[in-house]
Amino acid sequence: MAKETVKIPDLGGGSVDVIEVCVAVGDVVAKDDSLLVLESDKASMEIPSPLAGKVLSISLKEGETVEAGDLILELEVDGAEVEADDSPAPAVEAPQAESESEPAPAPAPAPAAPVSSAREMILVPDVGSSDGIDVIEVCVAVGDVVSEGDSLVVLESDKASMEVPSPFSGTITKIVMKVGDSAKLGAEIAEIEREVAAAAVSEVKPAVEAPAPAKATTAPAPATPTAAPAAKPAATVTSHADVYAGPAVRKLAREFGLELEQLTGTGPRSRILKEDVQQYVKDLAKGNVKGAATGGGSALPSIPDVDFSQFGEIDTQPLTKLHKLTAANMHRSWVNLPHVTQFDDVDISELEDFRAGLKREAEQRGVKLTPLPFLLKAAAVALQAHPKFNASLSADGENMVYKKYIHIGIAVDTPAGLVVPVIRDVDKKSLWDLAAESAELANKAKNRKLKPAEMQGGCFTISSLGSIGGTGFTPIINAPEVAIMGVSKLAIKPYWNGTEFVPRKMLPVSLSYDHRAINGVDAGQFFTFMGMALADIRRLLL
Ligand code: CAO
């Protein structure tokens with residue numbers, strides 16, 4: 001056994017903060033296990049162990065500022081494994097600022113006029129690794145005007161991510177590197193047309209004039225390991241600039257297709273740890289991700305935050321609680337349930353004649369008889385005849401729960417938002433009862449008088465936009481129900497009765513169903529059955 005000291009490697013100059021100590025005294029570490037995470041204002045990197053061994057002592061604490069050569073810890077190692085070596089651990093894909101392979105320094109800033117331009121190819125600098133490193137972001141596009149220090153590309157290995165800055169200001173004229181390339185020292189990144197003083201032009205051969213090697217090339221300053229890629233991302237590139245996470249965590253998140261912004265860091269200074277990524281993935285699998293309903297929690301790319309005021313005057317109003325709740329429910333249903341919607345036109349001419357004939361009686365009873373009670377009744381009969389529609393999938397996806405009761409919700413538009421009161425035991429109620437109860441519930445909804453119990457227990461929902469207009473729409477299922485019916489505006493249309501076209505009152509209806517629970521054939525049969533009942537309401541008695 002031998003005792004070895006591990007020191008801060010050469011990080012390319014300057015001091016950095018220790019933001020995480022990944023080991024404790026007594027830990028047994030393997031070679032390349034992370035010992036520390038260091039961070040400057042632009043960079044973050046993990047320092048791997050150069051040797052396998054047992055941690056005997058640790059000389060650093062989180063929050064300390066360190067520089068190259070500072071002692072990290074002592075390791076007890078197998079004597080055969082290494083000869084005593086007091087030198088700092090090798091920088092992990094960190095730039096070797098003072099090595100012989102140091103890239104050419106960035107040219108001096110362009111002096112004052114007279115000004116000319118020259119094209120130069122920017123090359124990958126020495127990033128401290130002889131292996132190729134993945135290009136994970138290209139931060140510029142042809143035509144972009146960049147300043148010296150602006151990021152051109154972001155490179156990432158499993159231990160470090162680093163941005164390659166532009167060595168000078170100018171306009172990007174060509175991009176050679178693309179996402180997915182493996183970048184090595186000297187590889188071409190992009191061509192830049194830089195502004196230079198006339199006196200300086202002769203020192204930098206423009207591509208168009210130069211004989212072979214045709215183009216003047218310039219390697220930028222050493223790449224900077226970074227937790228915050230490109231400050232100037234191209235339009236298609238997502239910037240994670242505000243997120244604290246080490247490169248290994250970034251890589252892991254990317255492998256899962258996660259945006260770092262979706263994660264909550266539990267490490268020091270809210271740093272995102274590997275465990276946070278793993279926990280998030282577990283929660284996602286269980287459907288427990290907070291905010292998924294508003295678009296921020298699913299693994300889908302989030303919708304960009306746009307400052308609309310840049311395009312004109314705006315007025316921002318807070319959403320009502322009900323609106324937010326509805327938005328969350330709609331989104332949850334939309335992303336969780338595979339919706340299929342089918343459409344039909346139902347001939348309700350006879351129903352309408354019958355309804356018109358009841359107008360006086362309805363007035364005497366003090367109720368308004370709209371098509372809605374007929375739709376409720378027809379839905380109840382169809383649900384009875386097709387129990388698959390009067391069911392819910394159990395949350396674990398293992399069972400179908402068939403309901404022996406028929407409670408139907410009606411979507412009601414209110415000033416505060418959409419609510420869905422539920423009419424219980426629709427199958428047992430008369431048209432008059434249904435007319436009275438739907439009007440009463442709608443009225444209560446509009447006056448915010450509904451009790452929670454009056455909005456629970458629905459088996460199926462009807463959303464009627466009939467009084468408003470439209471020829472059809474795709475309603476979103478009110479999960480865990482498995483289907484919803486949409487009703488649009490009645491229209492008189494020519495109908496071919498076998499010998500001639502006759503004017504008929506046609507009601508456009510749609511049916512969205514959860515394809516996990518219901519097959520297309522089932523839906524076709526259910527909807528045809530319902531259409532027949534509406535077309536000939538005597539069928540409601542059968
Ligand atoms: N085609 C043509 N006219 C229709 C119709 C249809 N499909 N459905 C209803 N009408 C008529 C009614 O007969 C009534 O006419 P009269 O005043 O001449 O008698 C008029 O439209 C108004 O009806 P109503 O809206 O007061 O009553 P209703 O029973 O049809 O609907 C309710 C009640 C609560 C469902 C409705 O007021 C409502 O809020 N609809 C909106 C639902 C909604 O927002 N859905 C969208 C959900 S997804 O965002």
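The values are calculated or read from the model by the stated rules, or taken from the named source; none is laboratory data. Just so it is clear, the model here is predicted, and its values are computed rather than measured. With ideal geometry, Cβ positions are generated from the backbone for all residues, glycine too; neighbour counts draw on all protein chains shown.
Here are the numbers for the structure shown:
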read-out	value
Those residues of the range 491-503 which are away from the ligand (no atom under 14 Å from the Cβ) and touching a residue at least 24 places away in the same chain (Cβ under 8 Å), in sequence order	Y495
Members of the range 315-326 found to be of a type outside the set (D, E, K, R) and either surrounded by 10 or more Cβ atoms within 10 Å (Cβ to Cβ) or touching a residue at least 12 places away in the same chain (Cβ under 8 Å) (or both), listed by number	L319, T320, L322, H323, L325, T326
Any hit, the range 494-512, residues being in a loop (DSSP other than H, G, I, E, B) and at positive phi	yes
Flag if T461 is more than 9 Å from the ligand (Cβ to nearest atom) and among the hydroxyl-bearing types (S, T, Y)	no
Residue under evaluation T414, criteria (1) within 14 Å of the ligand (Cβ to nearest atom); (2) closer than 21 Å to L507 by Cβ, criterion not met	(2)
Qualifying positions in the range 464-490 - of a type outside the set (A, V, I, L, M, F, W, C) and more than 9 Å from the ligand (Cβ to nearest atom)	G470, T471, G472, T474, N478, P480, E481
Entirely in the range 370-433, the strands (runs of 3 or more DSSP E) that have 1 or more residues that are over 25 Å from L450 (Cα atoms)	391-393, 400-402
Residue within the range 96-111 that is of a type in the set (D, E, K, R), at pLDDT 85 or above and touching an Asp or Glu at 6+ places or on another chain (Cβ under 8 Å) present	no
Residue in the range 388-411 that is within 14 Å of the ligand (Cβ to nearest atom) and over 24 Å from D536 (Cβ atoms) present	yes
Residue under evaluation F389, criteria (1) closer than 24 Å to I476 by Cβ; (2) of a type in the set (F, W, Y); (3) within 28 Å of the chain's Cα centre (by Cα), criterion not met	(3)
I348 being within 27 Å of the chain's Cα centre (by Cα) and at pLDDT 95 or above	no
Where G524 falls short, out of the listed (1) within 14 Å of the ligand (Cβ to nearest atom); (2) touching a residue at least 40 places away in the same chain (Cβ under 8 Å); (3) surrounded by fewer than 17 Cβ atoms within 10 Å (Cβ to Cβ)	(1)
Test: residue in the range 394-405 that is touching a helix residue (DSSP H, G or I) at 6+ places or on another chain (Cβ under 7 Å) and surrounded by 13 or more Cβ atoms within 10 Å (Cβ to Cβ)	no
Close pairs from the range 442-454: first more than 13 Å from I410 (Cα to Cα), partner within 13 Å of the ligand (Cβ to nearest atom) and of a type in the set (G, A, S), Cβ under 8 Å, at least 6 apart	R448/A416
Selection status of R355, buried (at least 18 other Cβ atoms within 10 Å of the Cβ) and either within 30 Å of the chain's Cα centre (by Cα) or among the basic types (K, R) (or both)	yes
Extreme residue, nearest to Y513 (Cα to Cα), among residues of the range 374-426 that are of a type in the set (D, E, K, R) and at pLDDT 95 or above	K388
